[in-house]
Amino acid sequence: MLEIKRINHQKFSKLTQELQNYIDQKKTGGIILLIYQKDKIVYCDKFGWKDIAKNEPLEFDTIFRIYSMTKPIVCLATLMLYEEGKFDLDDPISKFIPEFSNLKVLKSVNTETNEMITEDAKNQITIRHLFTHTSGLSYGFIPNIPIDDLYSKEFDFKGDNRGKSVLEKVPKSGSLEEFIPKLAKLPLAFEPGTFWKYGFNHDVLGYLIEKLTGKKLDIFLKERLFHKLGMVDTDFYVPEFKWHKVAKVYTRNTENELNELKGPMIDGYRQKPELLSGGGGLVSSIADYLKFTVMMLKNGELEGQKIVRNSTIDMMTQNHLTENKSLLGLYWIKPEDPDFINREEGYGFGLGVRVKVEENITKSGVGEHDWGGALNTLYWIDPLKEVVGILMTQYCPPDSDWIQPVDDVKIKNLVYEALKDSPSIRIK
């Protein structure tokens, strides 16, 4: 596989300056960005610090908490079992996890008595609903939303920064065998298949893998993906002998200064967690994630290792939403922020990845698919222009707004601007 080292052509000067600005303005502690195109790395540079207090710079082998960048990995792993005929996409999940048999949909909560008013769900949650976040499951991120408040009560998500609490509490929430039945007992936010809402869907897929194979999720991923791809730093925890490679997490204090984050989000990765979260449990390095994304770009194959069929990659990365192909059109809570709406226009959703279905404000090709992680990590794969981008940083927002400092649209567009202007790496 390609060597990860500094590669920074003058054509990328605007991009480099933008990344350096995030460090100079103390918006995050450290950043690595890698751009791959047409069988080679065309840009790779690092900025800032792995550990500011110890004056340790970020390195190309630094390990990051990738959180929801776990999702595409687990979704692809689940589709391996689809290839083997273990399930159909429109099978009800209750066929394999009976706890999801008698579903309720939350209609309202009596604020005086806390009594839930529910009704029987008309439809079952299908496996396709889980892949596409259209099941009615939630994450419990948003305070003062009845369904999320129920999740908060059930799983002890506390505080004003509910997102941070979810990240801290989930790894300690028992095994998947204990956690998923509790999740199944909660009412749904809506009738399955009618809206899009981010939730514990891919954690259920991780449990489905365990049920179908009789293997723990971490073992299955190692045997079927990580070992074959040579992903040596990707796991649900970091062993002690590698701990020196782990990046610190930074946030902002009440004086708007960048501070190192302490607590369970940091130390929780020193040992194998109770819950192997298919939705957000992995750590990885930029070299490891490059192997996964290049395999995806090359239709399921890397250096002679065929991981999945071409047709499986095609199925995973095509839009599976029905209402005008629009992710925006299916949001359960309709967005009102014009900037957010502008950024989300032109996207649908595949089997675990966001998919660009028409031209929009980003300069990537139609068919580009992507996702990010809670601490502002992100990746994208652009089959049309044969580009992979991976950005790693570790920034936790200090409040419930979860506005991330690194602007993914601006970064993508600076990348394509540089590629377009470079005669040696001309894009289509």
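The values are calculated or read from the model by the stated rules, or taken from the named source; none is laboratory data. Just so you know, these numbers come straight off a predicted model, no measurement behind them. Here Cβ is always computed from backbone atoms with ideal geometry, including for glycine, and neighbour counts include all displayed protein chains.
Among the residues of the stretch 362-385, is there at least one that is free of Cβ contacts under 8 Å to residues at least 24 places away in the same chain, surrounded by 22 or more Cβ atoms within 10 Å (Cβ to Cβ) and not acidic (Asp, Glu)? No, the stretch 362-385 contains no residue that is free of Cβ contacts under 8 Å to residues at least 24 places away in the same chain, surrounded by 22 or more Cβ atoms within 10 Å (Cβ to Cβ) and not acidic (Asp, Glu). Looking only at the stretch 1-55, which residues are of a type in the set (Asp, Glu) and either within 28 Å of residue 303 (Cβ to Cβ) or in contact with a helix residue (DSSP H, G or I) (Cβ under 9 Å, 6 or more places away or on another chain) (or both)? Hits for the stretch 1-55 are 3, 18, 39, 45.
For the stretch 110-141, filtering for residues that are modelled with pLDDT of 90 or more and surrounded by 14 or more Cβ atoms within 10 Å (Cβ to Cβ) leaves 21. Regarding the stretch 64-77, can at least one residue be identified that is in contact (Cβ under 8 Å) with a residue 40 or more places away in the chain and surrounded by fewer than 18 Cβ atoms within 10 Å (Cβ to Cβ)? So far as the stretch 64-77 goes, no, none of its residues is in contact (Cβ under 8 Å) with a residue 40 or more places away in the chain and surrounded by fewer than 18 Cβ atoms within 10 Å (Cβ to Cβ). Of the candidates 288, 233, the single residue that is closer than 26 Å to residue 1 by Cβ, in contact with a helix residue (DSSP H, G or I) (Cβ under 9 Å, 6 or more places away or on another chain), of a type in the set (D, E, K, R) and not in a helix (DSSP H, G or I) is 233.
Every test in (1) surrounded by fewer than 17 Cβ atoms within 10 Å (Cβ to Cβ); (2) over 26 Å from residue 176 (Cα atoms); (3) within 20 Å of the chain's Cα centre (by Cα); (4) not acidic (Asp, Glu) is passed by residue 232 save one, and that test is (2). The number of residues in the stretch 296-350 being touching a helix residue (DSSP H, G or I) at 6+ places or on another chain (Cβ under 8 Å), part of a strand (DSSP E or B), more than 20 Å from residue 409 (Cα to Cα) and free of Cβ contacts under 8 Å to residues at least 24 places away in the same chain comes to 1. Does residue 107 satisfy being surrounded by fewer than 21 Cβ atoms within 10 Å (Cβ to Cβ), free of Cβ contacts under 8 Å to residues at least 24 places away in the same chain, part of a strand (DSSP E or B) and out of contact with any Phe, Trp or Tyr (no Cβ under 6 Å at 6 or more places or on another chain)? When the stated conditions are applied, residue 107 passes them.
How many residues does the stretch 136-174 contain that are under 23 Å from residue 100 (Cα atoms), β-branched (Val, Ile, Thr) and under 20 Å from the mean Cα position of the chain (by Cα)? The qualifying residues number 2.
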